[in-house]
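Got a structure for you, written out below as structure tokens; questions coming shortly.
The values are calculated or read from the model by the stated rules, or taken from the named source; none is laboratory data. Worth saying up front: this structure is predicted, and the values here are computed from it rather than measured. Every residue, glycine as well, gets a Cβ built from its backbone with ideal geometry; the counts of neighbours run over all protein chains shown. Areas reflect the complete protein model, heavy atoms only, side chains present, ligands, DNA and RNA absent. Shrake-Rupley method; radii C 1.70, N 1.55, O 1.52, S 1.80 Å.
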Amino acid sequence: MSPDQPARPVVLFVAVPAPLGGSNRSLATLLEEIGPRVVRMLAAPMQGEFGALVRERGLAEETIDLPWKPRFPNRMHRIWAALRLARWSLRHRTRIDAIHANATRALSLSVLPALVTRAPVTVWVHDPVGSPWGRRLGPILRWLLQRPRFAAVSRTAASVAVENGLCTWDEVTIVPNPIDPADVVAERSDGDGPLVVGYLSAGRHRKGFDLLPDIIEGCRGLDLQWRLFTKRLDSDYATPVWQQLDAIQGVDLVMRGPDSDVRRIYEQCDIVLVASRDESFSRITAEAMLNGIPVVASDLEPIRQLLDTDGQAGLLFPPGDTGLAAARIKQLAESAELRMSCGAEGRRKAEAFTPDVIVRQLLTMYEVEESARP
């Protein structure tokens, strides 16, 4: 950098363990897009897929590996990680211009660095539901921090921040998850054979995994292939559902498992099913939209805002209503015109998730000028 160029601002990004498909996938996209404009300091547990992606793509100029080890109780994780981050912040207190807490779980880790550095904190809220712990701690965190800013990926996530006493409605800005087309958009072509309905969500209750057997049975007789791109979990909840799926006869059902490169998944899908009981954003819905794939999804506020505002990009059903979910899939399966119109509308709406648009919004909240780009 030449002497007449301004130094790049330094932003400390704080994250805690999360599936790469969730809030940490959005953080990775943000770090990649924002890179040329700021110096990225990342404090996060660096094990697993997220840490590997950060190292592979060079998404941070410096990393602080937070000690989040499974052999300690969760409370010990937080205390140990917070103390390590506070110690690092003391050494670098004059360098930090802004702090980004990725989801409210990262906010508690950001308090000591904020007090030490006096840097403004922006919290990017991804939570789909509140918690008793959050409601108790929220007002305390608000009191400790100076002028915290709150961004939320949807109104549902914003309501969590408000209910937890972190902010008021007029203090939160809706900033959706960024979706990078280079990471998710597949080269799709019309293939021979049955239409493929893809399920990409985790095998958990909040994702509606237990609804799958009844939805599949409700579509019996349609020329469909079902592909489940989800991990086979062994638990009191998931195991009986897998047993029901294994017992289904006379239906084209393929267990594919997850793939870290979601492009390989979307290139196989003609319809995507999202049966969740709660969501803060629904990244799978947004990724399918970018690919021009029609979605059949639970009628949750964040998903409704993605699919059904000023034009239809998919079909909704009441959460848990397996009969209507099957009927919606039948509608799409029997109408190529409807599939094409929903896909085209999805691509149009997906322009709102462009990473550069999201980065500009967050830079403003950090109080980092766009002119700081070298």
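Pick from Leu362, Leu144, Leu211 the residue whose mean-square fluctuation is largest in a GNM of the chain, springs joining Cα atoms under 10 Å.
Leu144
I've got another one for you. Got a sec to turn the phi values of the stretch 147-155 into Karplus ³J(HN,Hα) couplings, 6.51 cos²θ - 1.76 cosθ + 1.60 with θ = phi - 60°, whole Hz, x for Gly and Pro?
With the stated coefficients, the stretch 147-155 comes to 6, x, 10, 10, 10, 9, 6, 6, 5 Hz.
When a/c reaches 1.5 or more, the comparison of a/b and b/c decides; with that in mind, is the stretch 158-219 rounded, prolate or oblate per its Cα gyration tensor?
Oblate, since a/c reaches 1.5 and b/c is not below a/b.
Carbon-plus-sulfur fraction of the accessible area of the stretch 243-374, 1.4 Å probe, in percent?
45
Which residues' amide hydrogens lie under 5 Å from the amide hydrogen of Gln225, considering only partners 5 or more residues apart or on another chain, with H built in the peptide plane?
For Gln225, whose amide H was placed from the backbone, the distant partners under 5 Å are Leu195, Val196, Val197.
Would you mind checking the tilt of helix 355-366 against the longest principal axis of the Cα atoms of the chain, expressed as 0 to 90 degrees and rounded to 10?
Helix 355-366 sits roughly 30 degrees off the main axis of the chain.
Same structure, new question: Can you pull out the trypsin sites (Lys or Arg not before Pro) in the stretch 74-120 that DSSP calls coil and that have at most 16 other Cβ atoms within 10 Å?
Answer in residue order: Arg93, Arg95, Arg118.
Measure nothing but the geometry: give the 0 to 90° angle between the long axis through the Cα atoms of 322-333 and the longest principal axis through the Cα atoms of the chain, rounded to 10°.
The two axes meet at around 80 degrees.
Then there is this: Over the chain, how many percent of alpha carbon pairs lie in each 20 Å bin up to the one with the longest distance?
Percent of pairs per bin, in order: 28, 54, 17, 1.
Next question, about the same structure. Residue by residue, what Karplus-based ³J(HN,Hα) values in Hz, rounded to whole numbers, does the stretch 169-176 have, using 6.51, -1.76 and 1.60 with θ = phi - 60° and x for Gly and Pro?
With coefficients 6.51, -1.76 and 1.60, one gets 4, 7, 9, 10, 10, 7, 10, x Hz.
How far is it, in nm, from the label point at Gln361 to the one at Asp236 when both lie 7 Å from their Cα along the line to the Cβ?
My value for the distance between the label points is 4.0 nm.
Can you list the residues, at least 5 places off or on another chain, whose amide H is less than 5 Å from the amide H of Thr122, using H built in the peptide plane?
The list, which skips near neighbours in sequence, is Ile99, His100, Ala101, Arg149.
So if we plug the beta-carbon distance of Ala7 and Asp170 into 1/(1 + (r/R0)^6) with R0 = 30 Å, what FRET efficiency do we get, rounded to 0.05?
Taking R0 as 30 Å, the efficiency between Ala7 and Asp170 is 0.35.
Could you derive backbone 3J(HN,Hα) for the stretch 23-33 from the dihedral phi with the Karplus parameters 6.51, -1.76 and 1.60 (θ = phi - 60°), listing whole Hz in sequence and x where the residue is Gly or Pro?
Result, rounded to whole Hz: 4, 6, 5, 5, 5, 4, 4, 4, 4, 5, 6.
Helix 74-91 versus the longest principal axis of the chain: what angle, 0 to 90°, nearest 10, using Cα atoms?
Helix 74-91 sits at roughly 40 degrees to that axis.
Related question: How long is the gain from Ala182 to Gln47 if the chain were fully straight, where each residue apart is worth 0.36 nm and the alpha carbon distance is subtracted?
Going from the current span to full extension adds 46.2 nm.
A follow-up question, please. Excluding ligands, DNA and RNA, what is the solvent-accessible area per residue of the chain at a probe of 1.4 Å, expressed in Å²?
Working: 16800 Å² over 374 residues.
That works out to 45 Å² per residue.
How much of Val111 can a 1.4 Å solvent probe reach, expressed as accessible area in Å² and rounded to 10?
That residue has around 10 Å² of solvent-accessible surface.
How much length is gained if the chain between Arg155 and Glu334 is pulled fully straight, taking 0.36 nm per residue apart and subtracting their Cα-Cα distance, in nm to one decimal?
Length difference between fully extended and current span is 61.1 nm.
Something else: Would you mind getting me the FRET efficiency between Glu62 and Arg147? Use the beta-carbon distance for r and R0 = 30 Å, nearest 0.05.
0.75
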